[in-house]
Amino acid sequence: MRAVGAALALAFVPVACFAVLGIGGWLAPGPALVAAVATLIALLAFTVLWVRDAEVLTDALRRVATDDPGLAVREKAGLAVMEAIGSEVERLMRRVAARTALVEQLRRADEAILERLPDPLIVLGPDRAVRRANSAARVAFGADISAVLRHPGLRGAIEGAFEAGTPQSAEITVRVPNARELHATVVPMDPPLADGGRAIVVLSDRTRERAVERMRADFVANASHELRTPLASLIGFIDTLRGPAADDPPAQQRFLGIMAEQAARMNRLIDDLLSLSRVELTEHQAPSEVVDLRAMLPRLAAGFEPRLRERSQTLDLQVPDDLPPVTADADQIAQVLQNLLDNALKYGRDGGVLRVAATAASGLGRWPARAGVVISVSDQGAGIPREHLPRLTERFYRVDKGRSRAVGGTGLGLAIVKHIVNRHRGQLAIESELDKGTTVSVWLPQAPEPSAGAPR
């Protein structure tokens, strides 16, 4: 109807002219009528095409505005001029579609980068509310993200970043969902992110680094102290031998004996420190050798026979004939067993029994479900109070420092055992009862069965 109305409006003037010419006699009535009708029909056809093409262009522009390409304007256009305009509109639509696709690709890349960052990242809106959080933040804090953001130190950094427009940082300690030390960086975003985010909060977990720093400081302090004590004794006795005891052979012999003991203590300490360092260097690399404990255990036990006789102690060795081999580093497992036997011998009672037992274990009690072997070393000594058990594998930790030094302990034996067991992906357990003795058990993974046709 709009096309008809437009055609009639456009045809009014020429039709009126033909009517006047016909009525006035300047043009025969028949030709005038034919010309008027032809003009009306031509204008109507033109107007219909024009209006249709205009609607096509309008629809195309609407699609451009809504990022909905899919209309072939040139194929729909009926007039040449409209076809030319349609060609340009199609080109515009393709460019808009390409830019829209690029923007969408960049948006997805932005989301993927934020999602895959290893550190927790939180996006804040202008109202300081959480707009989104990446996977690391959701895993680290779960439903406690808002509680973390309410920390006074972090809240101050957020407000500072919004007010100053510059990045702010803070060191905070959070207690939810567990205690952690975090380094927080708040970066204001100008212009804002696509989702309206005005700031991002990056939280780097420094708990492990801080613990390592404290452990390193404690280790250096303890090592220095342990070395300084025998070194001070050596220096004092040397000064004495040079001075008052220079002409006293009995005193010289006594002092030289004490100096030899202190030097041996320093040597043991240095050996243990080097051993611990070597173990830590390879702790991330699981061993792959196959070790037969049935042959190793009797050989190691035989080496302790002279010391056992000195204290009238008896060694009860229990190794079944069908004990399976383990996946292990033979030298390190020998070191573990030597340390455990040495401790049992030192702290067991005179005339007592040391028991070494090896058994196959798969999902028994505290041990893993997969196949493995448990080696237990027990003594009949005074035992260890329960409160000390969790700390026995700490470096330089001693329950009775005086007795430990008297029997030649360095405070590193069980620390070495723990790290070797960790490297073997095994488990360590310590049980003790006062006046009854102590049992230290080590679980090691069983070696896999050789495949058919493999060399044995």
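Quick look at the numbers
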{"read-out": "Top-ranked residue of the stretch 419-433 - restricted to ones that are of a type in the set (S, T, N, Q) and over 15 Å from Arg278 (Cα atoms), ranked as surrounded by the most Cβ atoms within 10 Å (Cβ to Cβ)", "value": "Ser432"}
{"read-out": "Test for Arg99: is it at pLDDT 75 or above and part of a loop (DSSP other than H, G, I, E, B)", "value": "no"}
{"read-out": "Pair list, Cβ < 7 Å and 6+ apart or interchain, from the stretch 431-445 residues that are free of Cβ contacts under 8 Å to residues at least 60 places away in the same chain and among the small types (Gly, Ala, Ser) to residues that are crowded, with 21+ Cβ neighbours inside 10 Å and assigned to a strand (DSSP E or B)", "value": "Ser432/Thr438"}
{"read-out": "Residue match in the stretch 425-441 (condition: touching an Asp or Glu at 6+ places or on another chain (Cβ under 9 Å), at pLDDT 90 or above and hydrophobic (A, V, I, L, M, F, W, C))", "value": "yes"}
{"read-out": "Count - residues of the stretch 150-164 that are under 14 Å from Arg175 (Cβ atoms) and part of a helix (DSSP H, G or I)", "value": "3"}
{"read-out": "Given (1) modelled with pLDDT of 85 or more; (2) surrounded by 15 or more Cβ atoms within 10 Å (Cβ to Cβ); (3) in the same structural domain as Asn134 (by TED's automatic domain parsing); (4) out of contact with any Leu (no Cβ under 8 Å at 6 or more places or on another chain), index of the condition Asp190 fails", "value": "(2)"}
{"read-out": "Condition check for Val174: touching a His at 6+ places or on another chain (Cβ under 7 Å) and β-branched (Val, Ile, Thr)", "value": "yes"}
{"read-out": "Test: residue in the stretch 320-337 that is touching a Gly at 6+ places or on another chain (Cβ under 6 Å) and of a type outside the set (D, E, K, R)", "value": "no"}
{"read-out": "Ile416 being modelled with pLDDT of 75 or more, under 15 Å from Asp342 (Cβ atoms) and buried (at least 17 other Cβ atoms within 10 Å of the Cβ)", "value": "yes"}
{"read-out": "Test: residue in the stretch 129-141 that is among the charged types (D, E, K, R) and either closer than 18 Å to Pro191 by Cα or exposed (fewer than 11 other Cβ atoms within 10 Å of the Cβ) (or both)", "value": "yes"}
{"read-out": "Which listed residue, of Ala260, Ala223, is closer than 30 Å to Asp331 by Cα and free of Cβ contacts under 8 Å to residues at least 12 places away in the same chain", "value": "Ala260"}
{"read-out": "Residues (touching a residue at least 12 places away in the same chain (Cβ under 8 Å) and not aliphatic (A, V, I, L, M)) located in the stretch 304-318", "value": "Phe304, Arg307, Arg311, Ser312, Gln313, Thr314, Asp316, Gln318"}
{"read-out": "Of all residues making up the stretch 142-158, the number that are surrounded by fewer than 13 Cβ atoms within 10 Å (Cβ to Cβ), touching a residue at least 12 places away in the same chain (Cβ under 8 Å) and charged (D, E, K, R)", "value": "0"}
{"read-out": "Candidates Val202, Val212, Val174 - the one that is under 28 Å from the mean Cα position of the chain (by Cα) and in contact (Cβ under 8 Å) with a residue 40 or more places away in the chain", "value": "Val202"}
{"read-out": "Only listed residue being of a type outside the set (Gly, Ala, Ser) and touching a residue at least 24 places away in the same chain (Cβ under 8 Å), chosen from Leu241, Leu293", "value": "Leu293"}
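The values are calculated or read from the model by the stated rules, or taken from the named source; none is laboratory data. Just so you know, these numbers come straight off a predicted model, no measurement behind them. Positions of Cβ are generated from backbone atoms using ideal geometry, with glycine treated the same way; all protein chains shown enter the neighbour counts.
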